[in-house]
Amino acid sequence: MKKTVVLGVSGGIAAFKAAQLTSNLIKKGYDVEVIMTQNATEFITPLTFESLTKHNVMVSTFEKVADRSVKHISIAHRADIFVLVPATANVIAKIVHGLADDMLTTTFLAADCPKVICPAMNTGMYENPVTQKNLEAAKALGYELVEPEVGYLACGDTGKGKLADITHIEECICRILETTGLLRGKRVLVTAGPTREALDPVRFISNHSSGKMGYEIARAARDMGADVTLISGPVQLNVPHGVRVVQVVSAQDMFEAVQKEYADCDIIIKAAAVGDYRAQKTEENKIKKQGEFLEITFVKNPDILAWLGEHRVSNQIICGFAMETEHLLEHAAEKLNRKNCDMIVANNLHEQGAGFQGDTNVVTLLQKNHTETLDLMSKYEVGVEILTRLAALSKERGEA
Ligand code: PMT
């Protein structure tokens, strides 16, 4: 059966680009239903979309429908994906606050499918803190954002706010449609962020992990239909909607949380940057300044990934990461074997766009008989690539 893309078009000059997108999606074999705001019809006529989709375009909530079905509910039920192209500041503000005062926003609210927002507006409107706050709220609600580009805008300004390239939007839609449901029925455990190893009540040693890589994997796993648990070190990120989180601080806390959670998980991904050592003794009181040197003895923390490799439950898929600054592939391959993993995701701190804190990564995926390096991509996209491969491995193992 054809998958249904519901395309919500709101009133901005970029509305005409939605027609090209519609045509491309139809050529790919998708069924496209278009809902327009009244304002959008000032920029492009419904007839354009009707000619392309062979469906009536919905604008008013109160239009009569031949079979007397409640139109916005029946479309919401049929939607495999809901995409807003272009999404104006006004429509974004409405949907993140649950407003439903026209056909587009009513159907959006009723739909329970992956949702993609492609903002396009004047730079000032885009950069306004209110819009930025609404976009953050949209992300926290689990909607995928296809960021606008920097360019010359119809109003004569140059800046960020130009609708993303249609090809990029199309790729995003196809990726979601192809991967949604791949992990349905699977339990996925992800660890993320740094650990903190206390020296005294005031100080700790830690690392630069922001948690973004692990959080984006968790978000991708949720979007692919999994039941996701995230064990997180201390980070400044919103937990993706629908993901269960267990907050931890130290490596020992993370170890205990993993031991509690791992047994009934189908796929485990260890993206956390776990401290290898902790102070042998955590002082009860603040360590006072003393002499030129301070000696602290560190002892080894449990290697959680290696423990998982030893205690693997049948058919379980285990994926670790390797963060290296040299000899990336040799070190990663050594970890793959020693820690008994199915996959190691290797990233190099010195590579542009890779590693700690940024929104992108460049990774090489090592499996027992196969190694592949992926292009620079967002951490969310890296998550989808990893999970797609792990889902295939999990299926193979289940069938063997
Ligand atoms: O959080 P971000 O800012 O987005 O940055 C992402 C990242 C760089 C932290 C992430 O992409 C990454 O590489 N995570 C693993 C970092 C790391 O600890 O690498 P490692 O090579 O030291 O450890 C190898 C593997 O063993 C990792 O899966 C790690 O979780 C695990 N490990 C390590 C030590 C330990 N005591 N227990 C473990 O389970």
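The values are calculated or read from the model by the stated rules, or taken from the named source; none is laboratory data. This one's a predicted model, so the numbers in the text were calculated from it and none came from an experiment. Note that each Cβ is placed from the backbone with ideal geometry, even for glycine, and that neighbours are counted across all protein chains shown. These accessible areas exclude ligands, DNA and RNA; they are computed on the full protein's heavy atoms, side chains included. Shrake-Rupley method; radii C 1.70, N 1.55, O 1.52, S 1.80 Å.
So if I check each of 146, 202, which one is aliphatic (A, V, I, L, M) and closer than 18 Å to residue 84 by Cα? Please lay out each step first, then the result.
Details: 202 fails: closer than 18 Å to residue 84 by Cα.
Answer to the selection: 146.
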- Item | Residue pairs meeting the criteria (Cβ under 8 Å; at least 6 apart or on separate chains; first closer than 11 Å to residue 119 by Cβ, in region 80-98; second aromatic (Phe, Trp, Tyr) and open to solvent by less than 10 Å² (accessible area, probe 1.4 Å)) | 84/108
- Task: Scan 354, 332 and give me the residue that is assigned to a loop (DSSP other than H, G, I, E, B) and either among the aliphatic types (A, V, I, L, M) or within 29 Å of residue 222 (Cα to Cα) (or both).
- Result: 354
- Could you give every pair whose Cβ atoms fall below 6 Å, whose first residue belongs to region 303-322 and is within 16 Å of residue 261 (Cα to Cα), and whose second residue is among the hydroxyl-bearing types (Ser, Thr, Tyr), counting only separations of at least 6 or pairs across chains? 317/394
- Message: Within region 172-196, take every residue that is closer than 29 Å to residue 299 by Cα and crowded, with 24+ Cβ neighbours inside 10 Å and give me the one that is farthest from the ligand (Cβ to nearest atom).
- Response: 189
- Message: Tally up the residues in region 279-311 that are open to solvent by less than 80 Å² (accessible area, probe 1.4 Å), charged (D, E, K, R) and within 14 Å of the ligand (Cβ to nearest atom), please.
- Response: 1
- Would you be able to say whether some residue in region 361-370 is within 10 Å of the ligand (Cβ to nearest atom) and touching a helix residue (DSSP H, G or I) at 6+ places or on another chain (Cβ under 7 Å)? yes
- For region 1-12, name all the residues that are at pLDDT 95 or above and hydrophobic (A, V, I, L, M, F, W, C). 5, 6, 7, 9
- Message: Just to verify a result, which residue in region 318-339, among those that are surrounded by fewer than 17 Cβ atoms within 10 Å (Cβ to Cβ) and away from the ligand (no atom under 11 Å from the Cβ), is nearest to residue 304 (Cα to Cα)?
- Response: 337
- Note on the structure: Counting only residues in region 343-360 that are of a type in the set (A, V, I, L, M) and within 10 Å of the ligand (Cβ to nearest atom), the one most open to solvent (accessible area, probe 1.4 Å) is identified as 349
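Examine region 6-23 for a residue that is farther than 26 Å from residue 153 by Cβ, aliphatic (A, V, I, L, M) and either open to solvent by less than 30 Å² (accessible area, probe 1.4 Å) or in contact with a His (Cβ under 7 Å, 6 or more places away or on another chain) (or both), and state whether such a residue exists. First the steps, then the outcome.
Our first condition is that a residue be farther than 26 Å from residue 153 by Cβ; within region 6-23, this holds for 6.
Then drop every residue that is not aliphatic (A, V, I, L, M), which leaves 6.
Checking which are either open to solvent by less than 30 Å² (accessible area, probe 1.4 Å) or in contact with a His (Cβ under 7 Å, 6 or more places away or on another chain) (or both) leaves us with 6.
Yes, that holds for at least one residue.
Those residues that are open to solvent by 40 Å² or more (accessible area, probe 1.4 Å), assigned to a helix (DSSP H, G or I) and either more than 8 Å from the ligand (Cβ to nearest atom) or touching a Gly at 6+ places or on another chain (Cβ under 6 Å) (or both), I need them from region 206-221; list them, please. Don't jump to the end; show me each part of the working.
Residues of region 206-221 open to solvent by 40 Å² or more (accessible area, probe 1.4 Å): 206-208, 212, 216.
If we keep only those that are assigned to a helix (DSSP H, G or I) as well, we get 212, 216.
216 - this is the single residue of region 206-221 that is open to solvent by 40 Å² or more (accessible area, probe 1.4 Å), assigned to a helix (DSSP H, G or I) and either more than 8 Å from the ligand (Cβ to nearest atom) or touching a Gly at 6+ places or on another chain (Cβ under 6 Å) (or both).
What are the residues in region 24-56 that are small (Gly, Ala, Ser) and open to solvent by 60 Å² or more (accessible area, probe 1.4 Å), if any? I'd like the intermediate steps shown before the answer.
Residues of region 24-56 that are small (Gly, Ala, Ser), as a first pass: 29, 40, 51.
51 - this is the single residue of region 24-56 that is small (Gly, Ala, Ser) and open to solvent by 60 Å² or more (accessible area, probe 1.4 Å).
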